[in-house]
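Have a look at the structure below, then the notes.
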Amino acid sequence: MARHYRLLYFASLRDRTGCDGETFSSTATQPRDLYAQVAQHHGITLAAERLRVAINGEFADWNHALQDGDEVVFLPPVSGG
Amino acid sequence: MARHYRLLYFASLRDRTGCDGETFSSTATQPRDLYAQVAQHHGITLAAERLRVAINGEFADWNHALQDGDEVVFLPPVSGG
Amino acid sequence: MSAFRLSDRELDMRALGQELASPSAGACVSFEGWVRDRNEGKGVLQLAYQAYAPLALAEGERIMAEALAQFAIERAVCVHRTGELRIGDLAVWVGISAAHRDAAFAACRYVIDEIKRRVPIWKNEFYSDGASGWLHPDGSPVQS
Amino acid sequence: MSAFRLSDRELDMRALGQELASPSAGACVSFEGWVRDRNEGKGVLQLAYQAYAPLALAEGERIMAEALAQFAIERAVCVHRTGELRIGDLAVWVGISAAHRDAAFAACRYVIDEIKRRVPIWKNEFYSDGASGWLHPDGSPVQS
């Protein structure tokens with residue numbers, strides 16, 4: 001059964017998707033599978049190995065068990081400072 | 001024949017001698033001998049090895065050949081910063 | 001006030017510096033990151049920073065706590081700009097006060113290095129040739 | 001203006017900071033030496049700096065030239081106070097701007113270390129027990 005995840009996009013992923021955030025329906029239960037679907041949907045070529053993932057405002061593992069309604073953010077390599 | 005050197009005192013040497021500077025008559029021709037005389041005259045116990053010497057505003061060797069009228073400064077260990 | 005903050009307005013270094021004051025501190029080391037007019041050989045006109053604010057604040061605060069735990073320092077403050085900046089603008093400020101300078105230098109370096117490595121903030125440079133691009137930490141462009 | 005200066009008045013950090021500005025500089029590291037309220041376990045009320053000015057200026061300027069030659073930096077400024085200072089007063093300020101932070105940190109550290117080691121400036125601390133004393137670079141008292 002599909003779940004609904006809240007996705008936020010930053011930097012190059014925001015440019016690519018054309019949006020700050022969206023609700024994404026998916027059968028994925030881990031960030032790894034969710035990213036594969038999101039990347040395919042939006043034509044993102046950035047490999048997951050280049051990204052980190054955050055769930056509900058904290059860094060998380062790619063095989064973390066997602067819950068319906070989670071806020072999931074795929075973080076491009078940072079460049080602050 | 002005695003020469004006249006212009007001596008300036010700083011920090012602990014100024015406290016010990018009780019003056020900022022003085023003209024000192026001496027037969028010494030090198031800072032090493034001059035310091036021995038000055039130390040004896042003023043009761044300074046600080047060893048020459050703890051000091052540096054400056055002549056006419058530049059660091060110099062203890063065996064530099066002094067000229068009549070030179071400004072000679074015996075520099076206690078510095079503590080700026 | 002939190003030790004790590006984000007700001008969408010010009011930073012007031014005088015006010016920030018006063019947060020570091022301590023009668024037992026003898027050394028203060030500060031780092032300022034300014035917007036440069038070039039990067040990797042390309043002319044830069046301006047840039048913009050985006051932050052994932054909740055996580056940036058949490059991770060930034062962790063870094064400050066690490067610095068306070070690892071080094072003999074008294075106060076530590078870091079503020080990072082967001083939004084659009086021009087050449088010469090202050091993008092990030094780190095200030096550390098300590099009894100002695102060894103710890104102040106080491107902690108200041110630690111904070112800026114970790115901020116650049118771990119905090120979810122992204123820099124978009126706008127070049128004089130009309131292009132723009134998001135950057136990796138090493139200054140090279142991100143291809144998404 | 002000379003890169004190394006002595007001042008018998010309160011330092012204006014804002015004006016000093018502006019001397020470091022450069023459109024190609026991305027990093028600025030500054031060191032502030034403040035008067036602490038204690039040293040070697042003794043309470044300090046105030047202190048005074050004496051300098052042998054002609055040699056201090058010449059040696060300070062040599063140190064700044066060494067920093068500019070040895071590190072990839074853009075601007076370097078150092079000002080040291082003379083006269084009487086109170087707790088919390090700024091005694092010495094070093095500011096370095098550079099394209100990148102490695103050089104700025106290294107040069108700032110080099111300058112303050114060499115200033116403290118080589119420049120003929122002496123600190124006299126006045127203690128809360130009524131004593132006072134001239135200090136060695138390691139903070140221990142000088143016996144003359």
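Just so it is clear, none of the values below were taken in a lab; they were calculated from the coordinates. Please read all numbers here as calculations on a predicted model, not as lab measurements. Don't worry about glycine lacking a Cβ; one is built from the backbone with ideal geometry, like all the others, and counts go over all protein chains shown.
Some points to look at:
- Karplus-based coupling profile of region A:66-81, in residue order and whole Hz: 6, 10, 4, x, 4, 8, 10, 10, 8, 9, x, x, 7, 8, x, x, with θ = phi - 60° in 6.51 cos²θ - 1.76 cosθ + 1.60 and x standing for Gly or Pro.
- Cα gyration tensor, region B:3-75 - rounded (a/c under 1.5), prolate or oblate: rounded
- With label points defined 7 Å past Cα in the direction of Cβ, position residue A:30 shows copy-to-copy spacings of 8.1 nm, given to one decimal and shortest first.
- The rotation axis taking chain B to chain A passes closest to this chain B residue's Cβ, listed with the gap in Å: B:81, 14.
- Helix axis angle, C:101-118 relative to chain C longest principal axis, alpha carbon, degrees: 40 degrees
- Cut-off under 5 Å, modelled amide H: who pairs with residue D:26 long-range: D:98, D:99, D:100
- Sorted from nearest, the other copies put their residue D:65 label points 5.1 nm away, the label point being 7 Å from Cα in the direction of Cβ.
- From least to most packed, judged by other beta carbons within 10 angstrom and beginning with the fewest, C:63, C:96, A:55, D:121 follow the order A:55, C:63, D:121, C:96.
- Cβ-placed point charges (K, R +1; D, E -1), dipole of chain B about Cα centre in debye, nearest 20: 180 debye
- Hz values of 3J(HN,Hα) by residue in region C:67-78 - Karplus curve (6.51, -1.76, 1.60), Gly and Pro given as x: 4, 5, 7, 8, 10, 7, 10, 9, 9, 9, 9, 9
- Placing a label point 7 Å from Cα along the Cα-to-Cβ axis, residue D:84 is separated from the same position in the other copies by 5.4 nm, shortest listed first.
- Helix B:31-42 axis, angle to chain B major axis (alpha carbon atoms, nearest 10°): 70 degrees
- Distant-in-sequence amide H partners of residue C:85 (H built 1.01 Å from N, under 5 Å): C:47, C:48, C:49
- For residue C:39, the residues 5 or more places off, or on other chains, whose built amide H falls under 5 Å of its own are C:44.
- By definition, a body whose alpha carbon gyration tensor gives a ≥ b ≥ c is prolate when a/c is 1.5 or more and a/b is larger than b/c, and region D:1-106 fits this prolate description.
- ³J(HN,Hα) computed for each position of region C:57-62 - Karplus, 6.51 cos²θ - 1.76 cosθ + 1.60, integer Hz, glycine/proline x: 5, 5, 6, x, 5, 4
- Residue and distance for the chain D Cβ closest to the axis that moves D onto C, in whole Å, come to D:30, 3.
- Point-charge dipole on Cβ atoms (K/R +1, D/E -1) for the protein assembly as shown, about Cα centre, debye to 20: 120 debye
- Per-residue average of Cβ from other chains inside 10 Å of C:121-127: 4
- Within the protein assembly as shown, helix-based [θ] at 222 nm, where runs of 4 or more DSSP H residues each add -39,500 (n - 2.57), nearest 500: -8500 deg cm²/dmol
- Proximal lysines to residue C:116, defined as alpha-carbon separation beneath 29 angstrom and excluding residues fewer than eight positions away on the same chain: C:42
- If you wrap the tightest convex hull around every Cα atom of the protein assembly as shown and split its volume per residue, you get 153 Å³.
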